[in-house]
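**Student:** After the structure tokens below, expect a handful of questions from me.
Nothing in this text is a laboratory measurement; each read-out follows from the coordinates by a stated rule. This structure is a prediction, so every number in the text was calculated from the model and none was measured. Glycine also receives a Cβ, built like all others from the backbone with ideal geometry; neighbour counts cover every protein chain displayed.
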Amino acid sequence: MPKRYSAFFALGALLMTAAPLYPQAGNAGARFRALADQYFSDAVFRYSPTEATSAGLHQYDAKLEDYSRAGIDSQIATLHQFEVKFDAFPAAGLDRSTQGDLAMVRNNIRGTLLELETIRGWEKDPDLYSSGITGSAFVLMERKFAPPAERLRALIAREKQMPAAFTAARQNLKNPPRIYTEIALQQLPDLISFFQHDVPEAFHDVTDTAELAEFHQTNAQVIAALQSYEGWLKSDVLPRSNGDFRIGADAFRKKLEYDEMVDTPLDRLLEIGYADLHKNQAEFQRIAHEVDPSKTPKEVLAELDAIHPAPGQLLDTFHSTFKSLIAFINTKHIITIPSTVEPTLEETPPFMRATTQASMDSPGPFEKHSTTAYFNVTLPEESWSPHQVSEYMAAFNIGTVISTATHEAYPGHYVQFLWVNHSNLSTVRKLITANTNVEGWAHYCEQMMLDEGYNQPGIGAKDLRQSRLIRLGQLQDALLRDARYIVGIKMHTRGMTLDQARAFFVQDGYQSPSIADVETKRGTADPTYLYYTLGKLEILKLRADLMKKEGSAFSLEKFHDDFMRQGGAPIRIVRQALLGDNSPTL
């Protein structure tokens, strides 16, 4: 997610010096920025060094999260100290944008405290520890921000601290939900394989024998710790995993308020979600009937899945789709693309293939050395049977290729990343982002581009039939997000069971049973994954309200450009900037 400060962010200096919280010189904005810098260094990256590495702040690369109860208590105490400081900070002397930044920091603190004190994933989610340390290794591997030997030294330092994470897990985990323990156990074989094969492969260019010997030692210790953890989860934790994954209505409402600045009552949110679901279902059925009136909508969907490029042509297909999307965006004045540099298309590196089919790997907002963005595509394994290949490639049908290219690149995540790099955004807006903005924008783009005509014959489609199939692919993705929206609320606040959630994804979301299972599991630990549809609906309403206010002067390109200038702020703050009022976001 988009998270450069003209002086490359003075956090490193803040860690080394005791700068005063409220400098005597400077205006209120300068005082706020100084306090915000200290917050990120002392309350965020001090406790989340993996996040710092991902953001491009490499003075944290040799550090690992402290998973111990003492570390958690220290973080909670620090957050409360900063909560008092930011609550006492006078907003009146700040301009509108900085007032928004102040609100974002306050909510970021409260959202983190909600996770640590109320939701307490550290006490009930075994995967937090095993996947957590894996992510800490991964961020040192995925980008070449330093020579391999330098990054390997940082990895060795982190690996030395990893066994302690499992000591903490044994002390912290109380009564996990059974589904959480099952998910952790399902993940662990791949995590162990990741350290056995992918981590060494990522550093195969290192030649220093002493360094390699030390790495093999620390890596073996991590593998052994993971294997021991797996055994402990199976024999000890699973039989006593009787906890509840549901966070409850109160925590759900607060999480939405703190993370997304959404305070709409849950009953009203459900009404909105069901309305969008039913609208998309009706549109799907209408277009499917136009494609082939003799088939059911899901039979037409199966036909769509069979229209995909050959595996060897997939990268070229994405490349030509990028070119077509860019030409359409420029011709139709959809949005300003700040750079002509395109993301580098490549096959997904070996150590990433188990977790992604296609992904945009953009550098963090403060990354100075590895600034290329990569669009990674995972191709079928050579050992797979023709049936396996065909089943896998269904995920790259003509509709999905366009939807994925739009969501991840043009004008989705990659264009938003370019705006971050080419705009004078505050540090707060680079490091704190709302999912309703970032994922909502990318999901909005999937629909908006087709609404503006990209799927018309001669542009994104070769004929009318293909145009309709492309729209069906977009609608299926929209229905998946609608199902997430409803399932997340109902599982965590209305007692929906796991089986009921899986059935909902299949019957109402038009997904396969295997996708339904994955999505249901995700929803147990990502309760507010309604943010795709929620964000899209907020953006659509903002656009409609702005069109009503501006009339014939409204420009879609200007609207999108102005939206980008707000960074990843919650839509409520974006509305204040673009409309100048506090009108409802939904």
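**Student:** Which lysines have a Cα lying under 23 Å from the Cα of K368, excluding residues fewer than 8 positions away in the same chain?
**Tutor:** K3, K63, K144, K430
**Student:** Work the Kirkwood hydrodynamic radius out for segment 269-320: mean of 1/r over every pair of different alpha-carbon atoms, inverted, in Å.
**Tutor:** Kirkwood radius, segment 269-320: 13.3 Å.
**Student:** In Å and from the alpha-carbon atoms only, list the Rg and Dmax of segment 524-569.
**Tutor:** Looking at segment 524-569, its Cα Rg and Dmax stand at 13.4, 46 Å.
**Student:** Here is a further query. Shape verdict for segment 430-559, please, from the Cα gyration tensor: rounded (a/c under 1.5), prolate (a/b greater than b/c) or oblate.
**Tutor:** Numbers: a/c = 2.63, a/b = 1.38, b/c = 1.91.
Oblate shape, in that a/c is at least 1.5 and b/c is the bigger or equal ratio.
**Student:** Something else: Whole-Å semi-axes of segment 170-253's equivalent ellipsoid, largest first, each the root of 5 times a Cα gyration tensor eigenvalue?
**Tutor:** Ellipsoid semi-axes (Å, largest first): 35, 15, 11.
**Student:** Right, something else. Rounded to the nearest 5, what % of DSSP beta bridges with both residues in segment 340-401 are antiparallel?
**Tutor:** The antiparallel proportion sits near 50 percent.
**Student:** Can you give the Rg and Dmax of segment 389-449 based on its C-alpha atoms, in angstrom?
**Tutor:** 14.2, 46
**Student:** If contacts are Cα pairs under 8 angstrom and at least 6 residues apart, what is the relative contact order of segment 398-551 in percent? Intermediate values should be presented prior to the final figure.
**Tutor:** Working: 163 pairs, mean separation 43.1, N = 154.
It rounds to 28 percent for segment 398-551.
**Student:** Ignoring everything except DSSP H segments at least 4 long, calculate the 222 nm mean residue ellipticity for the chain; use -39,500 (n - 2.57) per segment, divide by total residues, nearest 500.
**Tutor:** Calculated at 222 nm, the ellipticity per residue is -19500 deg cm²/dmol.
**Student:** To continue, here is another question. Tell me, what HN-Hα J-couplings in whole Hz come from the Karplus equation 6.51 cos²θ - 1.76 cosθ + 1.60 at θ = phi - 60° for each residue of segment 579-584, using x for Gly and Pro?
**Tutor:** With the stated coefficients, segment 579-584 comes to 9, x, 9, 10, 5, x Hz.
**Student:** Could I ask something else about it? Just rank S131, S41, S362, S514, fewest to most, by other beta-carbon atoms within 10 angstrom.
**Tutor:** Values: S131 19, S41 23, S362 26, S514 10.
Lowest count first: S514, S131, S41, S362.
**Student:** On to the next question. Using amide H atoms built in the peptide plane, which far-off residues or other-chain residues are under 5 Å from L345 H to H?
**Tutor:** Here the answer is F375, since their amide H atoms fall under 5 Å of that of L345.
**Student:** With +1 on each Lys and Arg Cβ and -1 on each Asp and Glu Cβ, how big is the dipole of the chain about its Cα centre, in debye rounded to the nearest 20? Display every interim value, and only then the final one.
**Tutor:** Working: 59 positive and 73 negative charges, 292 e Å.
So the dipole magnitude of the chain works out to roughly 1400 debye.
**Student:** If you don't mind, there's one more thing I want to ask. Take every Cα-Cα distance within the chain, group them into 10 Å bins from 0 onward, and report for each bin the whole-number percent of pairs it holds.
**Tutor:** Binned Cα distances yield the sequence 3, 15, 26, 29, 19, 6, 1, 0.
**Student:** In square nanometres and to one decimal, what's the mean projected area of the convex hull around the Cα atoms of segment 255-532?
**Tutor:** 15.8
**Student:** Give the Kirkwood hydrodynamic radius (Å, one decimal) of segment 257-402, defined as one over the mean of 1/r across all pairs of different Cα atoms.
**Tutor:** Every distinct Cα pair counted, the radius reaches 19.0 Å.
**Student:** May I ask you to work out the translational diffusion coefficient for segment 227-338 at 10 °C, viscosity 1.306 mPa s, via Stokes-Einstein with Rh from the Kirkwood sum over Cα pairs, reported in whole µm²/s?
**Tutor:** Taking Rh from Cα pairs, D becomes 78 µm²/s.
**Student:** For each of W122, W384, W232, count neighbouring Cβ atoms within 10 Å of the residue's Cβ, then give the residues from fewest to most.
**Tutor:** Ascending number of Cβ neighbours within 10 Å: W384, W232, W122.
**Student:** Related question: Quick one: of the DSSP bridges fully inside the chain, what percent are antiparallel, nearest 5?
**Tutor:** 40
**Student:** Using a/c under 1.5 as the rounded threshold, could you call segment 358-477 rounded, prolate or oblate? The axes a ≥ b ≥ c are square roots of the C-alpha gyration tensor eigenvalues, and prolate needs a/b larger than b/c, oblate otherwise.
**Tutor:** On the way: a/c = 2.58, a/b = 1.44, b/c = 1.79.
The shape class here is oblate.
**Student:** Hey, another quick one. To make sure I understand, if each residue's beta carbon is the centre and we count other beta carbons within 10 Å, what order do M162, M547 fall in, fewest to most?
**Tutor:** The fewest-first ordering by Cβ neighbours comes to M547, M162.
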